[in-house]
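The values are calculated or read from the model by the stated rules, or taken from the named source; none is laboratory data. Since we're looking at a predicted model, the values are computed, not measured. Here the Cβ positions follow ideal geometry from the backbone for every residue, glycine too, while neighbour counts run over all protein chains shown.
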Amino acid sequence: MNGNDKAVYYPFELHCHTLHSDGAFTPRELAEAAKARGLKGIALTDHNTSTGVAEAVRVGRELGITVIPGIEWTTFYGHITVLGGHSDVDWRTVSPATAAEKIRRAVSLGDVAILAHPYRVGYPVCTGGKSEFPDEIFDVLTGYEVYSGVLSDPTNLRARDEYLSLTSAGKKLAAVYGRDWHGQGTDIGYGVTLLGISGTPNAENALEAIRAGRTAVADCNGNIIVKTPFTA
Amino acid sequence: MKVFSAEVCVTRDDLHKHLKFPFTLASDAEGLTVRYSYSPKKYEGADSYALARAAFEASYPEGIAPSVEEIKAELPLNNHVALSLEREGVLIGTAHRHANNAEYRVSALSASPGFTPVAAAKGEWAVVLSAHAVLDEKITARIEVEAE
């Protein structure tokens with residue numbers, strides 16, 4: 001895939017919550033659920049906090065699950081998952097006027113930034129669920145959640161169309177899936193992100209796969225739905 | 001010892017604002033406990049269905065209409081005002097949860113989920129309420145901070 005012979009593609013879930021925000025999982029339960037689902041790794045992206053990361057990383061090591069530190073900037077105007085754990089951005093400072101600058105800051109510190117569920121049903125059903133950020137963020141983001149939640153959700157059609165349009169126009173955005181996993185439940189209808197990792201499948205190499213565009217969205221059987229049309 | 005207490009009115013004009021309520025901790029303490037509640041949580045307005053339908057229609061692709069059942073599944077709509085804690089202007093944590101009645105604790109050794117352990121040192125602190133969803137004309141929030 002994408003001509004990188006050295007990369008091995010592993011299934012990850014890059015959008016997860018625990019009781020450190022509004023999820024039902026403890027960090028341990030999340031890592032155990034990921035293992036039971038056959039995932040190689042997860043990104044912990046609690047809403048506006050990363051206080052669950054230390055426990056998730058510790059349990060992940062115990063279970064053989066790679067845990068990418070992260071956070072979901074859950075702003076009034078859109079949600080952005082920021083993976084890597086390097087950013088010092090206060091989520092409250094992220095607005096349509098500042099989003100590009102804040103994303104640039106996080107990326108410069110070593111994180112990757114992904115626009116989450118761009119067309120989810122928004123306010124007042126889900127505040128910030130539908131992105132109101134300006135198009136300039138597509139010049140600085142690392143990735144785009146092309147599919148979110150249940151794969152057949154109609155809002156994913158709009159996200160997919162926008163993603164294809166943006167990448168056709170030359171935007172370097174990795175294709176990502178985000179279940180927005182909040183707790184136990186049926187696994188039917190969800191997807192995974194496949195990350196083409198060179199070397200050990202640890203968090204830093206997983207981030208590098210996203211930066212390099214070695215990603216694809218697949219269904220739970222591994223069938224690719226959309227893949228990133230570029231490699232770095 | 002109670003170090004801060006307030007009853008706050010959050011209105012529709014406050015939607016999508018961060019409302020800061022500073023307080024001073026006069027001396028070092030073992031920890032801080034923040035008790036927070038607000039009401040109403042559920043919005044029962046007659047326009048609920050229309051508001052939800054408009055949100056669905058703004059996100060659905062052309063040619064696909066949301067079903068009545070899909071829209072009704074999101075009712076009742078909710079007010080949502082999340083609480084953060086700051087010390088000397090630095091964010092210590094955010095409790096992005098949907099419960100409207102909660103208690104959080106921070107100390108040097110431990111903290112409630114969402115918050116970073118930090119010493120309850122004397123100085124300037126603030127509770128910040130982030131108005132994610134304000135559907136009722138007025139939400140009443142109660143904040144109480146106790147130092148131990």
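The table that follows gives values for the structure above.
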read-out: Positions within the range A:128-154 being more than 23 Å from A:Ser95 (Cα to Cα) and not acidic (Asp, Glu), in sequence order; value: A:Tyr147, A:Gly149, A:Val150, A:Leu151, A:Ser152, A:Pro154
read-out: Answer residue from the range A:123-155, given it is in contact with a helix residue (DSSP H, G or I) (Cβ under 7 Å, 6 or more places away or on another chain) and at the interface with chain B (Cβ under 10 Å from one of its Cβ atoms) and is surrounded by the most Cβ atoms within 10 Å (Cβ to Cβ) among those; value: A:Thr155
read-out: Which listed residue is away from chain B (no Cβ under 12 Å), surrounded by fewer than 24 Cβ atoms within 10 Å (Cβ to Cβ) and touching a helix residue (DSSP H, G or I) at 6+ places or on another chain (Cβ under 7 Å), from A:Arg28, A:Arg37, A:Arg58; value: A:Arg28
read-out: Failed condition for B:Glu103, given (1) among the acidic types (Asp, Glu); (2) surrounded by fewer than 18 Cβ atoms within 10 Å (Cβ to Cβ); (3) not in a strand (DSSP E or B); value: (3)
read-out: In the range B:58-97, residue nearest to B:Glu124 (Cα to Cα) [restricted to those that are among the polar types (S, T, N, Q) and either in the same structural domain as B:Thr11 (by TED's automatic domain parsing) or out of contact with any helix residue (DSSP H, G or I) (no Cβ under 8 Å at 6 or more places or on another chain) (or both)]; value: B:Ser84
read-out: Any hit, the range A:156-171, residues being surrounded by fewer than 24 Cβ atoms within 10 Å (Cβ to Cβ), at pLDDT 95 or above, farther than 23 Å from B:Glu70 by Cα and in contact with a Leu (Cβ under 7 Å, 6 or more places away or on another chain); value: yes
read-out: Leading residue by the ranking (nearest to B:Ser110 (Cα to Cα)) among those in the range B:17-27 that are exposed (fewer than 12 other Cβ atoms within 10 Å of the Cβ) and not β-branched (Val, Ile, Thr); value: B:Ser27
read-out: Count of the range A:17-74 residues which are small (Gly, Ala, Ser), more than 22 Å from A:Ile197 (Cα to Cα) and in a loop (DSSP other than H, G, I, E, B); value: 5
read-out: Residue count, the range A:75-132 (criterion: of a type in the set (D, E, K, R), in a loop (DSSP other than H, G, I, E, B) and either closer than 24 Å to B:Ile92 by Cβ or out of contact with any strand residue (DSSP E or B) (no Cβ under 8 Å at 6 or more places or on another chain) (or both)); value: 3
read-out: Counted residues, the range A:182-201 - those being over 13 Å from the mean Cα position of the chain (by Cα), surrounded by 14 or more Cβ atoms within 10 Å (Cβ to Cβ) and of a type outside the set (Phe, Trp, Tyr); value: 6
read-out: The range B:133-148, residues that are surrounded by fewer than 19 Cβ atoms within 10 Å (Cβ to Cβ) and farther than 10 Å from B:Ser39 by Cα; value: B:Glu137, B:Glu144, B:Glu146, B:Glu148
read-out: Conditions (1) under 27 Å from A:Trp73 (Cβ atoms); (2) surrounded by 12 or more Cβ atoms within 10 Å (Cβ to Cβ); (3) within 14 Å of another protein chain (Cβ to nearest Cβ); (4) of a type in the set (Ser, Thr, Tyr); number of the one not met by B:Tyr49; value: (1)
read-out: Sole exception among (1) away from chain B (no Cβ under 14 Å); (2) closer than 28 Å to A:Pro27 by Cα; (3) out of contact with any Cys (no Cβ under 9 Å at 6 or more places or on another chain); (4) of a type in the set (A, V, I, L, M, F, W, C) for A:Trp181, by number; value: (3)
read-out: Residue among B:Ala111, B:Ala55, B:Ala120 that alone is surrounded by 19 or more Cβ atoms within 10 Å (Cβ to Cβ), outside the structural domain of B:Phe21 (by TED's automatic domain parsing) and among the aliphatic types (A, V, I, L, M); value: B:Ala55
read-out: Sole residue being surrounded by 19 or more Cβ atoms within 10 Å (Cβ to Cβ), within 11 Å of chain A (Cβ to nearest Cβ), free of Cβ contacts under 8 Å to residues at least 60 places away in the same chain and under 30 Å from A:Pro154 (Cα atoms), chosen from B:Tyr60, B:Tyr43; value: B:Tyr60
read-out: Residue within the range A:68-78 that is of a type in the set (A, V, I, L, M), closer than 30 Å to A:Asp153 by Cα and away from chain B (no Cβ under 11 Å) present; value: yes
read-out: Filter result for the condition that a residue is farther than 22 Å from A:Pro229 by Cα, within 9 Å of chain B (Cβ to nearest Cβ), surrounded by 24 or more Cβ atoms within 10 Å (Cβ to Cβ) and not hydrophobic (A, V, I, L, M, F, W, C), over A:Arg92, A:Arg120; value: A:Arg120
